[in-house]
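**Q** Right, I'll just put the structure down here and ask away after.
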Amino acid sequence: MREFMTGNHAVAHAVKLCRTPLIAAYPITPQTPIYEKLSEWEASGELKGIMMRTESEHSAMASCIAASLTGVRTFTATSSQGLALMHEMLHFAAGCRTPVVMANVNRLLAAPWGFWADQLDSLSQRDTGWIQFYCENGQEALDTVIQSYKIAEQVYLPAMLSLEAFFVSHFMEVVDLPEQEQVDRFLPPLDLLHKFDIDKPGFFVPVVSSELYRKYKHMAQGSMDSAKEIATRVDQEFKKEFGRGYGIVEPFMVDDAETVMVTAGSITSTARVAVRALREEGHRIGLLKLRLFRPFPVEALQQALRGKKKIAVIDRNISLGGGGIFCQELRAALVHSSDHPLIYSYIAGIGGTDVTPEVIQKIAMDAMNRFEPFDQPIWVMED
Amino acid sequence: MEIKCDFSSEFVIPISYGSTEVIETGKWGFQKPETAFMTARCQEACPAGINIPQFLYLANEGKPDEALLTILKENPFPGICGRVCFHPCEADCNRADYDESVSIHAMERYVSHAASNHLPDLKPMWNKDSKKVAIVGAGPAGLSCAYFLALTGHQVTIFEAKKEPGGVMRWGIPEYRLPKSVLKREIQRIFHLPIEIKTGIQVGKALSFDELKRYDAVFLSPGAGLSVPLSIEGEDLKWILRGGDFLERINSRDKAILGKETIVIGGGNTAMDVARSVLRLGSKVTVAYRRTRGEMPAIQDEIVEAEEEGARFEFLIQPIKIGLLKNKRLAVKFQRMKLSGLDQSNRPKAIPIKGKFLTLETDHLITAVGERVDLSWIPQDLIKNGLIDVNPFHKIFSGGDAVDQPRTIVTAISSGKRAAISIDLRLRGESLDKVFSKIKVGNKGSVSMEDYILGRNEGEWSEPKSIISYQQINTLYFEHSKRMEMRKLDRNKALRSFSEVNMGFTSDEAKISASRCFSCGTCNYCYNCYFFCPEGVILLDPLHQTKTVDLEHCKGCGTCAKVCPRYVVLMKELS
């Protein structure tokens, strides 16, 4: 069924379709419409589940972890400050190997205050052991919620999908709402192996020795690695069932490109427009969309960028003193490449500043005219 | 913990099926909770040193028999004191600083009745050095001394001048305050112990003082039975009665007929008892006192009840002459007085207003201006200022109204107890001062018999406990409430006979009253420490009155000490 709705509502629909019985959340702009929509459905009975209105995001995540360990599918949504507040619990969720799914609306982090799109909030949590997806539009956000449950519930690691503030969360577009039967077919009920058992009560995650801790972390790393393959497989299954697939990376006009831009999130859709325009002008420019960020799809990227000598990564984030995060990770993935590509780091869209096709064209032109290595991030700011 | 290395295995996270008790978190703390029992202010104020928090706790638990036993350890007359005591305990009750004091007085009375067995299992201890002690006077002091000496295993003989024991309790207090049936039952309790009494024996007549000295120890408690005269003209007229004699007749159920109006001279308890008895005999009464209401030495309750029953009061007048009128009525001439300065006892002094007089007519006049001791049979060296004053190194002891102390029943009981302990110590050749400093209950003169016997059995006495102040009570855990007052007999009905006026508590009223007690300084198993302990290391057993703290797991957070409403838990730093 096709409907016109915001990215936030698309996410809410996906949660309902996945028959999630326990949602624990705290409202924060620009995530609030997700929270409100689910609340509305809970009150009307349309959502057959419980919404826990916790006193903070930290408590929300704590509640999700505990609820998940009872063997039920859980969900939460947050943004920026809220995500930062639950940082400790993000580590805990991964450590408890709970398949919690979270939608994060990428919003800039204070200080100073603001509400607009910036990817630093979710990227700051890249070390917490969560699977991370970056969604280009509302449809993809909806679909990624469904896929995330299937992946997380096989890998036993929590998954978060990010959608940018306002550009995706509040923009309305035509969205294809899957049928309930389709989702039921695609997503089997959760069967958590390590759940609370009142017949055999135990103390979950007690103090362990150093060696044991290392063992559990090693096991988790193995699971996280397998998520690359599992995410690819799930996406293929999804395509089979719903007619739409995304891959974990998506090359666009890369085959014969001399310069490839790498983007994530909504900038990707603008970049598609810019790349087409540049191609019309005769430039051999391509685009690589980065969808899965954790686990970082090293092999897929190495394969997609084989032979490419010039890469321009666009980061809507800045790790002060470290540069754009997508660029950092990509440089590390390609460090052994025999192509020795020049990888340039472009910082655009910080704080929700608009990244127009012109901005992207500017970036492309700048990259195409560089021939020497340049380590520093290049800030793109209108004069 | 079962671990498998394969990441797709069943156990991806550690799950412990053991107990976290193996982690001795107690080692992390630098302080531990200690139970610190303290003495409540009411206990200190009670001349008998009754463990009031304990008896109220037991009453609240629906255990009146045990509550009674608690009182009997320190006071053999709860049924009497619960009726006639001036209850200094209530004046010092910590709860009074919060809202209103606990109804301790009425609770003592309630317990003495609610107990199913008023002759509980009080046995004399076995005393290999049992000695013979003579007691003169079977009033509250003498009977108490006998009681405590008998419990200590000594052989007691009481010599009582009158036909029946009881002293002022029997002959002085009218039945509307203390029914004879109650008195009889309370005294029966004394003689349940092996105590010998010889009534109708007056020392100095049937028995010489020297014969008393043949006993190993002697306790003199003859009371103050002689009425002080007015020493004014006309005092010997037949329509003028002495208050003490009048009350004795009332208490013997003798017929006493009074005219329409009576004047009572005096402001003490005797005056109030006389006035209220007069009302019951159908006569109007005016109480004449030389100072004002604020200086009247009578118990406040008694003054209020006399007023409520219709006694009229005339203040600042003193009789100077009584004359007989032709119609056989009395004309009493009073000197008007005013207050000026202080007398020897620091009370306002009444001095005459020159030239100002008042004459009142009446049918009868009853004097109640004081009682003195009959010292005719007492050796001179034991007398000082009209009272008995014994040499502390002889084997003769004294107490009650005959010595220099406040004249109340409970003070008499206290002196009997102190004398019993003193006698026991003296007979064993032990130091009185040292022991008394250990068994004291607070600093107002009360001592604990229970502590005395405990120390006597163990061969040494422990240090006395400190007194708990209102500031140390955590009032957060108490809701404000009003104290319960006893129901009283309807006034009109009350004045037509000598039936008891106060009607005591019902069991519901008693429960409410007992539950208002803060239980200052005594654990009453409120379970606050247990509920708030974050580690769950506190175990309470009210049945066996024990509290244990699992020190292996107590981290010394101090929460239990903070939440104890009654300052029973204190944190002590570990060395």
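**Q** Could you please find all residues in the range A:76-93 being out of contact with any Pro (no Cβ under 6 Å at 6 or more places or on another chain) and within 14 Å of chain B (Cβ to nearest Cβ)?
**A** Once the filter is applied, which keeps residues that are out of contact with any Pro (no Cβ under 6 Å at 6 or more places or on another chain) and within 14 Å of chain B (Cβ to nearest Cβ), the range A:76-93 yields A:91, A:92.
**Q** Then there's this: Of (1) touching a residue at least 60 places away in the same chain (Cβ under 8 Å); (2) among the aliphatic types (A, V, I, L, M); (3) closer than 30 Å to residue B:91 by Cα, residue B:298 satisfies all except one. Which?
**A** (1)
**Q** Right, something else. Given (1) within 14 Å of another protein chain (Cβ to nearest Cβ); (2) farther than 30 Å from residue A:48 by Cβ, where does residue A:200 come up short, assuming only one miss?
**A** Failing condition for residue A:200: (2).
**Q** For residue A:271, indicate whether it is closer than 20 Å to residue A:325 by Cα, in contact (Cβ under 8 Å) with a residue 60 or more places away in the chain and outside any loop (DSSP other than H, G, I, E, B).
**A** yes
**Q** Assess whether residue A:242 counts as being more than 30 Å from residue A:370 (Cβ to Cβ), touching a His at 6+ places or on another chain (Cβ under 9 Å) and surrounded by 14 or more Cβ atoms within 10 Å (Cβ to Cβ).
**A** Details: more than 30 Å from residue A:370 (Cβ to Cβ): yes; touching a His at 6+ places or on another chain (Cβ under 9 Å): no; surrounded by 14 or more Cβ atoms within 10 Å (Cβ to Cβ): yes.
No.
**Q** Oh, and also: Return the total of residues in the range B:426-442 being outside any helix (DSSP H, G or I) and either of a type in the set (Val, Ile, Thr) or in contact (Cβ under 8 Å) with a residue 12 or more places away in the chain (or both).
**A** Qualifying residue count for the region: 3.
**Q** Any residue that is touching an Asp or Glu at 6+ places or on another chain (Cβ under 9 Å) and part of a strand (DSSP E or B) - is there at least one of those in the range A:176-183?
**A** yes
**Q** If residue A:162 meets every condition in (1) out of contact with any strand residue (DSSP E or B) (no Cβ under 9 Å at 6 or more places or on another chain); (2) outside any helix (DSSP H, G or I) apart from one, which number is that one?
**A** (1)
**Q** Restricting to the range A:1-49, count the residues that are in a helix (DSSP H, G or I) and hydroxyl-bearing (Ser, Thr, Tyr).
**A** Number satisfying all stated conditions: 4.
**Q** In the range A:124-147, which residue that is in a helix (DSSP H, G or I) and of a type in the set (Val, Ile, Thr) is farthest from the chain's Cα centre (by Cα)?
**A** A:146
**Q** Report whether or not residue A:122 is touching a Pro at 6+ places or on another chain (Cβ under 7 Å) and under 22 Å from residue A:56 (Cβ atoms). Give the derivation first.
**A** Working: touching a Pro at 6+ places or on another chain (Cβ under 7 Å): no; under 22 Å from residue A:56 (Cβ atoms): yes.
Spelling it out, it is not the case that residue A:122 is touching a Pro at 6+ places or on another chain (Cβ under 7 Å) and under 22 Å from residue A:56 (Cβ atoms).
**Q** Give the residues of the range B:185-203 that are basic (Lys, Arg) and either in contact with a helix residue (DSSP H, G or I) (Cβ under 7 Å, 6 or more places away or on another chain) or at pLDDT below 95 (or both), sorted by residue number. Lay out the reasoning, then the answer.
**A** Of the range B:185-203, the ones basic (Lys, Arg) are B:185, B:189, B:198.
Of everything in the range B:185-203, those that are basic (Lys, Arg) and either in contact with a helix residue (DSSP H, G or I) (Cβ under 7 Å, 6 or more places away or on another chain) or at pLDDT below 95 (or both) turn out to be B:185, B:189.
**Q** I'd like to verify a number: residues in the range B:383-409 that are modelled with pLDDT of 90 or more and more than 28 Å from residue B:86 (Cα to Cα), how many?
**A** Final tally of qualifying residues: 3.
**Q** Taking residue A:157 as the residue in question, decide whether it is under 16 Å from the mean Cα position of the chain (by Cα) and within 14 Å of another protein chain (Cβ to nearest Cβ).
**A** On the way: under 16 Å from the mean Cα position of the chain (by Cα): yes; within 14 Å of another protein chain (Cβ to nearest Cβ): yes.
When the stated conditions are applied, residue A:157 passes them.
**Q** I've got another one for you. Do we have residue B:307 as among the acidic types (Asp, Glu) and in contact with a strand residue (DSSP E or B) (Cβ under 9 Å, 6 or more places away or on another chain) here?
**A** yes
**Q** Just to check your reading of the model, which residue among B:242, B:249, B:189 is of a type in the set (D, E, K, R), farther than 26 Å from residue B:447 by Cβ and crowded, with 16+ Cβ neighbours inside 10 Å?
**A** Matching residue, one of B:242, B:249, B:189: B:242.
**Q** For the range B:305-328, check the following and say yes or no: at least one residue is closer than 22 Å to residue B:231 by Cα, modelled with pLDDT of 95 or more and not in a strand (DSSP E or B).
**A** Yes.
**Q** Shifting gears a bit: Is it the case that some residue within the range A:230-237 is assigned by TED's automatic domain parsing to the domain that holds residue A:7, more than 18 Å from residue A:300 (Cα to Cα) and modelled with pLDDT of 95 or more?
**A** Narrowing the range A:230-237 to residues assigned by TED's automatic domain parsing to the domain that holds residue A:7: A:230-237.
From the residues that got through so far, the ones that are more than 18 Å from residue A:300 (Cα to Cα) too are A:237.
Checking which are modelled with pLDDT of 95 or more leaves us with A:237.
For the range A:230-237, residues assigned by TED's automatic domain parsing to the domain that holds residue A:7, more than 18 Å from residue A:300 (Cα to Cα) and modelled with pLDDT of 95 or more: present.
**Q** Can you tell me how many residues within the range A:327-376 are in a loop (DSSP other than H, G, I, E, B), under 25 Å from the mean Cα position of the chain (by Cα) and hydroxyl-bearing (Ser, Thr, Tyr)?
**A** So the count comes out to 2.
**Q** Further question on the same structure: Which residue is nearest to the other protein chains (Cβ to nearest Cβ), if the candidates are limited to the range B:7-45 and must be in contact with a strand residue (DSSP E or B) (Cβ under 6 Å, 6 or more places away or on another chain) and of a type in the set (Asp, Glu)?
**A** So the residue we want is B:34.
**Q** Do any helices (runs of 4 or more DSSP H) lying entirely in the range B:462-575 carry at least 2 residues that are exposed (fewer than 14 other Cβ atoms within 10 Å of the Cβ), and which ones are they?
**A** B:491-494, B:507-515
**Q** Restricting the range B:5-44 to residues that are acidic (Asp, Glu) and loosely packed, with under 14 Cβ neighbours inside 10 Å, which is modelled with the highest pLDDT?
**A** Applying the first criterion (acidic (Asp, Glu)) to the range B:5-44 yields B:6, B:10, B:21, B:24, B:34, B:44.
Now restrict to residues that are loosely packed, with under 14 Cβ neighbours inside 10 Å: B:6, B:10, B:21, B:24, B:34.
Numbers: B:6: 36, B:10: 44, B:21: 79, B:24: 85, B:34: 94.
Per the stated criteria, the residue is B:34.
**Q** Moving on to the next point. Applying the selection to the range A:179-197, what residues are more than 13 Å from chain B (Cβ to nearest Cβ) and more than 21 Å from the chain's Cα centre (by Cα)?
**A** A:179, A:180, A:181, A:182, A:184, A:185, A:188, A:189, A:190
Every residue, every condition in (1) within 14 Å of chain A (Cβ to nearest Cβ); (2) in a loop (DSSP other than H, G, I, E, B); (3) at pLDDT 95 or above, yes or no:
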residue	(1), (2), (3)
B:3	yes, yes, no
B:47	no, yes, yes
B:54	no, no, yes
B:58	no, no, yes
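**Q** Related question: Between residues in the range B:267-290 that are assigned by TED's automatic domain parsing to the domain that holds residue B:304 and residues that are among the polar types (S, T, N, Q), which pairs lie under 6 Å by C-beta distance while being six or more apart or on different chains?
**A** Pairs found: B:278/B:262; B:283/B:262; B:285/B:262; B:290/B:318.
**Q** What are the residues in the range A:71-88 that are outside any loop (DSSP other than H, G, I, E, B) and crowded, with 24+ Cβ neighbours inside 10 Å, if any?
**A** Correct list: A:74, A:75, A:76, A:77, A:78, A:79, A:80, A:82, A:83.
**Q** Next up: Given the conditions (1) within 14 Å of chain B (Cβ to nearest Cβ); (2) buried (at least 18 other Cβ atoms within 10 Å of the Cβ), which single one is not true for residue A:261?
**A** (1) is the only condition that residue A:261 fails.
**Q** Quick check on the range A:206-236: of everything there that is surrounded by 14 or more Cβ atoms within 10 Å (Cβ to Cβ), of a type in the set (D, E, K, R) and away from every other protein chain (no Cβ under 14 Å), which residue is nearest to residue A:312 (Cα to Cα)?
**A** Here the residue is A:228.
**Q** I need the full set of residues from the range B:41-53 which are within 14 Å of residue B:518 (Cβ to Cβ) and in contact with a Ser or Thr (Cβ under 7 Å, 6 or more places away or on another chain), in order please.
**A** B:53
**Q** Now, a different point. Of the residues that make up the range A:88-102, is at least one modelled with pLDDT of 95 or more, of a type outside the set (A, V, I, L, M) and under 13 Å from the mean Cα position of the chain (by Cα)?
**A** No, the conditions are met nowhere in the range A:88-102.
The values are calculated or read from the model by the stated rules, or taken from the named source; none is laboratory data. It should be emphasised that the depicted structure is a prediction, and the values quoted were computed from it without experimental measurement. We place every Cβ from the backbone using ideal geometry, glycine too, and count neighbours over all the protein chains shown.
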